[in-house]
Structure formats: structure tokens, C-alpha cells
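The values are calculated or read from the model by the stated rules, or taken from the named source; none is laboratory data. All figures in this text were calculated on a predicted structure; none of them were measured in a lab. Here Cβ is always computed from backbone atoms with ideal geometry, including for glycine, and neighbour counts include all displayed protein chains. For accessibility, only protein heavy atoms count, side chains too; no ligands or nucleic acids. Shrake-Rupley method; radii C 1.70, N 1.55, O 1.52, S 1.80 Å.
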Amino acid sequence: ERINAEEVVELTRALVRIPSVYRPGEPGANEAEVAAFVESWFRREGLPVEVQDVAPSRPNILAWVGEKGPGRRCLLLEGHTDVVTEGDPKDWTRPPFAAEMSDGRIYGRGAADMKGGLAAAMFAADALRRAGFRPRGSLEISGTVDEESGGFAGVAHLAHAGRIAASRTDHVIIPEPLDVDRVCVGHRGVHWYRVVLHGRVAHGSMPFLGASAIDAMGDLLHRVRTELEPTLAMRITTMPVVPEAARRATINVNSLIGGQAGESLQTPCVADRCTAIFDRRFLVEESVEASRAEIVRLLEAVVGNERGFRYEIEDLMIVEPVLTPDDAPLIRHLEDAVEAVLGRRPQRVASPGTYDHKHVARIGGVTSCVAYGPGRLEQAHQPDEWCAVDDLVAATKVMALALVRLLGGE
């Protein structure tokens with residue numbers, strides 16, 4: 001009853017209107033403005049607030065309800081303030097940061113991922129204060145930076161500082177856009193790596209005297225498509241990953257650059273260098289070692305076919321899969337809250353991509369963590385991103401009810 005739909009909508013629209021895309025080197029292109037807004041909103045509502053400047057103009061915001069201290073329960077609503085780039089505005093039918101309303105939807109970059117979820121978490125927490133609810137412990141709400149780039153300056157900072165730790169944090173809810181009918185209990189693993197193929201430079205008019213690294217990379221990509229991908233498609237996880245196609249192991253080429261080493265412009269030479277970045281999503285049943293061995297086998301076949309080639313492989317990011325235990329009280333209480341608000345039992349799912357759960361579990365050691373929030377996963381990072389108002393309000397109510405049941409109090 002303390003959750004006002006119009007206020008939740010306006011809070012979300014206010015957050016979306018603040019571009020919080022991190023662009024290094026561009027003044028003001030960071031999370032500082034939206035963090036200041038979140039801080040002022042909490043202070044206006046009467047919640048204590050802590051600001052952590054983890055990098056220049058990139059502050060983490062923490063607010064809380066209830067009493068913190070040893071022996072008291074602690075639940076964290078962990079949201080992030082950054083959004084991905086809007087891309088080419090011509091791909092949008094509405095201004096990316098106008099937060100326009102149409103047909104019961106809020107449109108704009110971050111409406112789903114995750115300004116809507118952040119607003120729902122902020123308002124759910126404040127609803128407890130408005131209702132005079134006194135939890136047996138503390139509820140903390142965060143707005144962290146850097147999630148879209150990996151979360152290392154954001155939630156990972158909180159975990160390294162001991163603010164997210166098994167010794168003090170009982171449960172974590174991350175309001176990612178998984179849909180109000182879903183409770184997300186984990187995610188697949190990721191192995192990002194860079195492959196550099198070196199060839200031999202020669203004059204472009206006499207390519208037979210050189211060894212094209214671009215040609216070698218073409219050979220590698222062909223082998224990935226014809227040899228590796230069919231093998232990965234046969235591996236299916238027992239985790240409830242959505243969408244269905246993501247239950248299989250996958251590999252994607254995120255970038256490809258080739259030419260003459262040290263040159264940014266086209267030169268009349270055979271390319272002696274080609275670089276590709278691969279995005280390998282692996283299952284709980286697989287390992288990073290196996291992922292690396294697969295690409296090394298293909299690389300050995302490529303360089304073995306032609307004289308004058310060599311390769312380098314470098315790991316860029318490794319994240320193991322995470323999965324919250326089926327019997328965790330957090331899952332049960334959140335599912336009960338969904339049923340109470342929506343009148344139906346939610347689907348239990350896992351995410352195809354990683355999110356801050358990885359840092360909560362790996363660094364903080366907190367095993368009780370789920371993602372739940374408004375917005376649809378398929379809307380994330382898309383032009384004309386949107387979040388339905390009905391889902392936004394429902395998620396706020398679900399979170400508020402789950403908080404009461406998990407924390408206890410009066």
C-alpha cells in the first residue's frame with residue numbers, strides 16, 4: 001500500500017533521463033550525475049547514505065534501512081547506475097535518453113537494464129520506511145558503477161572492502177531485467193580471450209612472398225565454425241538457462257582487426273598481423289582449461305598448415321558459472337512473494353550472460369544470491385529499449401514483500 005505507482009514511474013524516468021554511459025576521456029560521461037541523483041533521493045526520503053569514490057567521478061552509493069551490527073541479518077539490494085552506450089541514435093525511433101511513455105512502457109537506454117530495476121529496489125526499500133517497518137537487522141541498497149564493464153570498480157570493490165561478505169551479508173537480490181515471472185539463480189561462465197596470428201610481411205603486389213595473417217585467421221574462423229561450433233551445440237547444461245538456445249555452450253567473435261603491425265592505415269603490404277577477440281560462454285559442466293585447449297588445437301592446425309605463421313593467446317576475462325542452491329530460503333521467499341503479488345508461480349531460470357552475482361559469490365563468498373527485476377532480458381542493450389509500467393510496479397511490490405519476509409521485524 002505504500003508503493004505509489006506514479007512515483008515509481010517518475011523515479012525510473014528521472015534515472016533514464018540522466019545518461020550514465022561510461023566513456024573514458026569524455027568529460028561528464030560517467031556515473032557521477034546519476035549517483036548524485038540517487039544520493040539526493042535517499043537523503044530526501046530520510047535514509048542514511050554513504051558515498052564511496054572508487055574512481056574519479058565514479059562513486060558507489062549505499063543507503064540502508066534498519067540497524068547494522070554483529071549478529072543482525074543483512075540483505076542487500078544491489079543495483080548498478082551505469083548503462084551501455086546508446087549506439088547510433090538513428091537506430092532509435094525515440095530519443096535514447098528522453099524516457100518517453102507510450103502504450104504503458106517507458107522507453108530509453110537503461111529503462112530495462114537497469115534503471116527500472118534500480119528504481120524498483122530504491123522504492124521497495126523506502127516502502128518499508130514509509131510503512132514504519134522495523135527489520136531485525138538491516139536492508140542495504142546500492143547503486144554501483146562499472147557493471148557493464150565487468151563490475152570490478154563497482155560491486156567487486158564493495159566485496160573486496162568487506163561490505164559484501166558471508167560474515168555480514170545473508171542475502172543479495174540483484175534487480176536485473178529477467179522479467180517479473182522469473183527468479184534467476186545463476187549464470188553461465190565466460191572465457192574471453194585474444195588470439196593474435198603473426199604472418200610475414202611482403203609487398204602487396206607479390207603476396208606469394210609473404211604469409212597473410214588475415215588468411216590464417218580466416219582459416220581459424222572457418223575451423224571454429226565447422227569443427228568447434230557443432231561440438232559446442234551438442235553440450236547442453238542442466239542449469240535452467242534462458243533462452244533455450246543458451247543452454248548450449250557458445251562461442252562468438254567479438255572483434256577482428258588485421259593489417260600491418262604498427263599501422264592504423266591501409267598499406268601496400270601483406271598483412272603480418274591479425275587479432276580476434278573470442279567470447280566463449282561455457283557451462284557448469286565444462287571448464288576454462290577445456291575451452292583453452294579447444295582453441296589451441298585449432299590454432300596448431302592452422303599454423304601447422306603454413307610456414308611462417310605463429311600465434312599468441314591471452315586470457316582477458318574468466319568468470320566461472322555460479323548457481324545458488326535450490327533450497328536457499330531467499331529463492332523460496334522471493335517465489336512466494338511473486339505468487340502473492342501476481343497470483344502465479346514464477347519460472348526459475350539462469351542467465352546466459354554474467355552479472356554481479358559473480359563478484360558476490362567469488363569475492364564476497366555469499367551463496368544466497370538471485371537476480372530479480374522488471375524488464376525483459378531480450379530488451380537489454382537494444383535500440384528502443386523499454387520497460388513495462390505494470391512490470392515495474394509489480395517488481396517493486398514483490399521485492400518489498402520479500403524483504404519483509406526475509407528480514408522479519410515489526
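Restricting attention to region 178-191, which residues are within 18 Å of Thr324 (Cα to Cα) and either open to solvent by less than 10 Å² (accessible area, probe 1.4 Å) or β-branched (Val, Ile, Thr) (or both)? Correct list: Leu178, Val183, Cys184, Val185, Gly186, His187, Gly189, Val190. When Val338 is tested against (1) farther than 30 Å from Asp91 by Cα; (2) open to solvent by 10 Å² or more (accessible area, probe 1.4 Å); (3) modelled with pLDDT of 95 or more, just one condition goes unmet, and that condition is (2).
Total residues in region 69-92 satisfying the condition of being touching a strand residue (DSSP E or B) at 6+ places or on another chain (Cβ under 7 Å) and open to solvent by 80 Å² or more (accessible area, probe 1.4 Å): the figure is 2. For beta carbons closer than 6 Å, sequence separation of 6+ or different chains, a first residue in region 345-365 that is free of Cβ contacts under 8 Å to residues at least 40 places away in the same chain and a second that is part of a helix (DSSP H, G or I) and open to solvent by 10 Å² or more (accessible area, probe 1.4 Å), the qualifying pairs are Arg345/Glu339. When Ile61, Ile106 are checked against the criterion of being within 30 Å of Gly408 (Cβ to Cβ), assigned to a strand (DSSP E or B) and out of contact with any Pro (no Cβ under 7 Å at 6 or more places or on another chain), Ile61 stands alone in meeting it. A count restricted to region 192-220 and to residues that are assigned to a strand (DSSP E or B), farther than 19 Å from Ser287 by Cα and open to solvent by 40 Å² or more (accessible area, probe 1.4 Å) stands at 2. Just one of the listed residues (Arg2, Arg23, Arg43) is open to solvent by 20 Å² or more (accessible area, probe 1.4 Å) and part of a helix (DSSP H, G or I), namely Arg43.
Screening the candidates Val51, Val65 for the property of being modelled with pLDDT under 95 and either within 23 Å of the chain's Cα centre (by Cα) or closer than 13 Å to Pro135 by Cβ (or both) yields one hit, Val65. Looking only at residues of region 221-244 that are surrounded by fewer than 12 Cβ atoms within 10 Å (Cβ to Cβ) and at pLDDT 95 or above, we find that the one that is nearest to Pro177 (Cα to Cα) is Thr238. Val51 falls short on exactly one of the conditions (1) assigned to a strand (DSSP E or B); (2) in contact (Cβ under 8 Å) with a residue 24 or more places away in the chain, and that condition is (2).
Report yes if some residue within region 66-85 is among the hydroxyl-bearing types (Ser, Thr, Tyr) and not in a loop (DSSP other than H, G, I, E, B); otherwise report no. Give the steps one after another, and end with the answer.
First, the residues of region 66-85 that are among the hydroxyl-bearing types (Ser, Thr, Tyr): 81, 85.
Next, from what is left, pick out any that are not in a loop (DSSP other than H, G, I, E, B): none.
Checked against the condition, which is being among the hydroxyl-bearing types (Ser, Thr, Tyr) and not in a loop (DSSP other than H, G, I, E, B), region 66-85 yields no hits at all.
Does at least one position in region 101-111 carry a residue that is in contact with a Cys (Cβ under 9 Å, 6 or more places away or on another chain), among the basic types (Lys, Arg) and surrounded by fewer than 24 Cβ atoms within 10 Å (Cβ to Cβ)? Yes - at least one qualifying residue is present in region 101-111.
Say whether the condition of being in contact with a Cys (Cβ under 9 Å, 6 or more places away or on another chain) and surrounded by 19 or more Cβ atoms within 10 Å (Cβ to Cβ) is met by at least one residue in region 121-135. No, the conditions are met nowhere in region 121-135.
Counting just the residues of region 136-177 that are in a loop (DSSP other than H, G, I, E, B) and of a type in the set (Asp, Glu), which one comes out surrounded by the most Cβ atoms within 10 Å (Cβ to Cβ)?
We begin by selecting, within region 136-177, every residue in a loop (DSSP other than H, G, I, E, B); these are 136, 145-146, 150-154, 161-170, 175-177.
Keeping just the survivors that are of a type in the set (Asp, Glu) gives 146, 170, 176.
Numbers: Asp146: 24, Asp170: 17, Glu176: 28.
Out of the qualifying residues, it is Glu176.
Selection of region 193-208 for residues being out of contact with any Asp or Glu (no Cβ under 9 Å at 6 or more places or on another chain), farther than 11 Å from Ala271 by Cβ and in contact (Cβ under 8 Å) with a residue 40 or more places away in the chain yields His203, Ser205.
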